Amino acid sequence: MPKADLIIYNIGELVTFSKGPLRRVTPEDAVILRDAGVAIRNGRIVEVGSSTSITAKYEGLALDAGGRLVTPGLIDSHTHLVFGGSREDEFELKLSGVPYEEILRRGGGIYRTVRATRNASDEELVARAVEVLDFMLEHGTTVVEAKSGYGLSLEEELRLLRLIKTLDEIHPIKVIPTLLAHVIPEEFKDRRRDYVDMFAEKLIPEVAREGLAIYVDVFCDKGVFTPEETRKILLAGLKHGLRARLHADEIDYIGCSKLVLDIELDAVDHLEKTPPENAFLLAEKGVVAGLLPTSIMALFTDARPPVNAFREAGVFMAVASDFNPNNMTPHVQLAMDVSTYILGLTPLEALAGATINAAKSLGLEGEYGRIAPGYKADLVIWDVENYKWIGYAWGFNKVLAVVINGKIEYPEIDEADLSK
Ligand code: FE
């Protein structure tokens, strides 16, 4: 009998997709297996089949899914995981209609978090981020992207990326590090060019030399970085071997998403103010559009990414949490649910958005985001019977157990109980 490190059997409904990232998600693209089983060895999926055939063929720890839904692990492709402080007292200002740019101008928003982050010790920042990662794990997240961006100086950005590296090492969730050009720091307000030069010519080379980030990202928007400044930073990142992603068209449209034309980007996120005709550019270049539905709620905006145009043009769509002090929810499961209500995504589009298409957003396609032989054994056992509960039930945790790299990481159970 071939050995498996873990067998999951009695899966009521296993839902994954028949191929890698999808430009359009139709029911025909979904693989829906009833009464299924999965065999896992060395952190990878070895075989997917009927529950009885898997249990008859493999020997090893066996986990009874109890007739429940199993999907790939959820991939949160956009978060600002590490920061100090909180901004709860800005919430009422936002509610009363004070725009985000005005809060920024008053020294609030990002600037306030930068001060709190600089004042926090490494231990404090790591302890808080571990709490957030634990929450994410309990809610089904198995891979998370984490941006720097609350340090703003060379030393502080390096510190945040080193802490993000530590988090990847100490927590079962895989953490993909991103160096983010978030905003021009207050001390460079009248010398913004010097800051862009420092970022492109000193910070990026140092980050690359130390191997501290996979991605470089820029907050390209009105009042933040211009498309020209963004171009300079992204090109410096690409030159030093980083991959590129972008915050674009969130506050206003100043041409940021058009940068896909001549810069090799894996993902462009936000897109609330993107003109629908730009959908064709994203589709043509194969760039993933990152939708951040809870972040839209936190902005109190009526603007929406042009989801219909994305569908028509065949743009890969991902769904992410955008966890940050202005959108205090580290919850990609909730982002999936909310995406159905405020963006009109179908439950299957939401699932693809946090699995295969999120994997593409992070350059992990082919290895993460599917339940298929050879893929990483990251899986979620849900406390519901089928995928139609995605969106339908929201505001509470629908996840029962999480497997990362072939190990049951949540809940903590004694694996001896699973021995046959
Ligand atoms: Fe963001």
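The values are calculated or read from the model by the stated rules, or taken from the named source; none is laboratory data. The model shown is predicted, which means the values in this text are computed figures rather than measured ones. With ideal geometry, Cβ positions are generated from the backbone for all residues, glycine too; neighbour counts draw on all protein chains shown. Note: accessible area is taken over every heavy atom of the protein model, side chains too, but ligands, DNA and RNA are not part of it. Shrake-Rupley method; radii C 1.70, N 1.55, O 1.52, S 1.80 Å.
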Inset, instruction - Kindly check whether there is at least one residue in the range 291-298 that is more than 15 Å from the ligand (Cβ to nearest atom), in a helix (DSSP H, G or I) and among the hydrophobic types (A, V, I, L, M, F, W, C). - result: no
Legend entry - Test for G109: is it within 16 Å of the ligand (Cβ to nearest atom) and open to solvent by less than 10 Å² (accessible area, probe 1.4 Å): yes
Inset, instruction - Keeping to the range 207-224, report how many residues are within 24 Å of A267 (Cβ to Cβ) and either in a helix (DSSP H, G or I) or among the hydrophobic types (A, V, I, L, M, F, W, C) (or both). - result: 11
Inset, instruction - Kindly list the number of the only condition in (1) assigned to a helix (DSSP H, G or I); (2) of a type outside the set (A, V, I, L, M, F, W, C); (3) open to solvent by less than 60 Å² (accessible area, probe 1.4 Å); (4) touching a helix residue (DSSP H, G or I) at 6+ places or on another chain (Cβ under 7 Å) that fails for R118. - result: (3)
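When the range 240-251 is examined, which residues are found to be at pLDDT 95 or above and either open to solvent by 60 Å² or more (accessible area, probe 1.4 Å) or hydrophobic (A, V, I, L, M, F, W, C) (or both)?
Pass one, the range 240-251, residues at pLDDT 95 or above: 240-250.
The answer is H240, G241, L242, R243, A244, L246, A248.
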Inset, instruction - Quickly run through the range 317-334 and pick out the residues that are out of contact with any helix residue (DSSP H, G or I) (no Cβ under 7 Å at 6 or more places or on another chain) and assigned to a helix (DSSP H, G or I). - result: V332, Q333
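Open to solvent by 20 Å² or more (accessible area, probe 1.4 Å), more than 24 Å from K19 (Cβ to Cβ) and either touching a Gly at 6+ places or on another chain (Cβ under 7 Å) or modelled with pLDDT of 95 or more (or both): is that true of T301 in this structure?
On the way: open to solvent by 20 Å² or more (accessible area, probe 1.4 Å): yes; more than 24 Å from K19 (Cβ to Cβ): yes; either touching a Gly at 6+ places or on another chain (Cβ under 7 Å) or modelled with pLDDT of 95 or more (or both): no.
Against the criterion (open to solvent by 20 Å² or more (accessible area, probe 1.4 Å), more than 24 Å from K19 (Cβ to Cβ) and either touching a Gly at 6+ places or on another chain (Cβ under 7 Å) or modelled with pLDDT of 95 or more (or both)), T301 does not qualify.
Table: residues versus (1) open to solvent by less than 50 Å² (accessible area, probe 1.4 Å); (2) under 22 Å from L33 (Cα atoms); (3) outside any strand (DSSP E or B).
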residue	(1), (2), (3)
A309	yes, no, yes
V315	yes, no, yes
M336	yes, yes, yes
S339	yes, no, yes
G344	yes, no, yes
E349	yes, yes, yes
L400	no, yes, no
Legend entry - Residue that is open to solvent by less than 10 Å² (accessible area, probe 1.4 Å), in contact (Cβ under 8 Å) with a residue 60 or more places away in the chain and under 27 Å from E250 (Cα atoms), where the choices are L180, L167: L180
Legend entry - Number of the condition not met by E131 [criteria: (1) in a helix (DSSP H, G or I); (2) in contact (Cβ under 8 Å) with a residue 40 or more places away in the chain; (3) more than 16 Å from the ligand (Cβ to nearest atom)]: (2)
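Pick out the one residue from L93, L133 that is surrounded by 14 or more Cβ atoms within 10 Å (Cβ to Cβ) and either of a type in the set (G, A, S) or more than 29 Å from A352 (Cα to Cα) (or both).
On the way: L133 fails: either of a type in the set (G, A, S) or more than 29 Å from A352 (Cα to Cα) (or both).
Exactly one residue qualifies, and that residue is L93.
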